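Taken together, the values in this text are just the output of simple stated rules run on the coordinates, not laboratory data. None of these values were measured; they are calculated from a predicted model. Glycine also receives a Cβ, built like all others from the backbone with ideal geometry; neighbour counts cover every protein chain displayed.
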Amino acid sequence: MKKVVILKERDISRSINSIARAIIEKNGPMEDVVLIGIRTGGAFLAERLQEAIYRLISQKPSLGILDITLYRDDWTRISTAPVVRKTNIPFSIDDKTLILVDDVLFTGRTVRAAMDALMDYGRPKRIELAILIDRGEIYRELPIMANYSGGIWDTAPEETINVYLKEEGFSDHVAIEEKKAA
């Protein structure tokens with residue numbers, strides 16, 4: 001298997017709209033709801049989710065972008081000189097329902113790092129997790145589950161799921177691919 005596309009552009013849009021409806025249903029008015037996208041893929045999806053919510057109820061939850069590079073427990077394995085990008089959370093997260101947005105949930109370590117980083121910004125009332133792709137619990141290393149998901153795909157150890165978005169210069173799609181050798 002080289003590359004198997006599991007979601008196309010319209011599927012991604014449907015998933016984002018479905019997640020937006022579920023967030024609205026659970027949380028009601030958006031005054032105390034904030035979206036925080038994990039840089040990079042999660043940030044783009046959070047922007048799309050904000051627009052989807054606005055189209056449904058004419059309210060936009062606040063939007064922030066979070067870089068978790070220095071909070072990762074594996075950054076020394078990734079690079080000796082990590083690239084730290086800007087975090088932009090221009091509002092208080094205290095007592096807010098914070099919806100953390102990312103593209104893929106796999107081991108749970110990225111989400112754990114994001115929650116650690118968020119605690120440096122304040123104390124939210126609640127943190128929920130919105131994920132486009134959940135790779136299932138079989139490889140989950142931490143007890144983290146998505147509140148909102150575009151779908152669950154179990155994969156083999158030698159596979160990965162990549163999310164390709166137009167904001168990064170691709171046509172929108174999600175694919176299961178063979179892992180590249182390290």
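Can you give the longest stretch of the chain with no exposed loop site, where a site means GluC sites (Glu not before Pro) in a DSSP loop (not H, G, I, E or B) with at most 12 other C-beta atoms within 10 Å?
32-140
In whole percent, what relative contact order does the chain give with Cα contacts below 8 Å and a gap of six or more residues?
Normalised by residue count, the contact order of the chain is 25 percent.
Let me spell out the model: positive unit charges on the Cβ of Lys and Arg, negative unit charges on the Cβ of Asp and Glu, origin at the Cα centre of the chain. What dipole size does that give, in debye rounded to 20?
Approximately 200 debye in magnitude.
Residue by residue, what Karplus-based ³J(HN,Hα) values in Hz, rounded to whole numbers, does the stretch 103-109 have, using 6.51, -1.76 and 1.60 with θ = phi - 60° and x for Gly and Pro?
7, 10, 9, 10, 7, x, 5
By how many nm would the segment from D95 to Y139 lengthen if fully extended, with 0.36 nm per residue of separation less the alpha-carbon distance?
Gain on stretching D95 to Y139: 12.6 nm.
What residue among T40, S13, I68 has its Cα farthest toward the positive end of the dipole of the stretch 10-156, where the charges are +1 on Lys, Arg and -1 on Asp, Glu, each on the Cβ?
So the residue furthest toward the plus end is S13.
At 7 Å along the Cα-to-beta-carbon direction for both N162 and E31, put a label point, then send me their distance in nm to one decimal.
Label-label distance for N162 and E31, simple model: 4.6 nm.
Would you kindly derive the ³J(HN,Hα) couplings of the stretch 120-131 from the backbone phi angles with the Karplus curve 6.51 cos²θ - 1.76 cosθ + 1.60 (θ = phi - 60°), listing them in order in whole Hz, with x for Gly and Pro?
Each residue of the stretch 120-131 in turn: 6, 9, x, 10, x, 5, 7, 10, 10, 10, 10, 10 Hz.
Taking H placed 1.01 Å from N in the peptide plane, check which residues at least 5 places from I36 or on another chain put their amide H under 5 Å from its amide H.
Under 5 Å from the amide H of I36 lie the amide H atoms of G64, I99, L100, V101, each far enough along the sequence or on another chain.
Read phi for every residue in the stretch 37-53 and hand back ³J(HN,Hα) as whole Hz from Karplus 6.51 cos²θ - 1.76 cosθ + 1.60, θ = phi - 60°, with x for Gly and Pro.
Here the 3J(HN,Hα) series is x, 7, 5, 10, x, x, 5, 5, 5, 5, 4, 5, 5, 4, 5, 5, 4 Hz.
Among the lysines in the chain, how many pairs, 8 or more places apart or on different chains, have alpha carbons under 17 Å apart?
Qualifying lysine pairs in the chain: 10.
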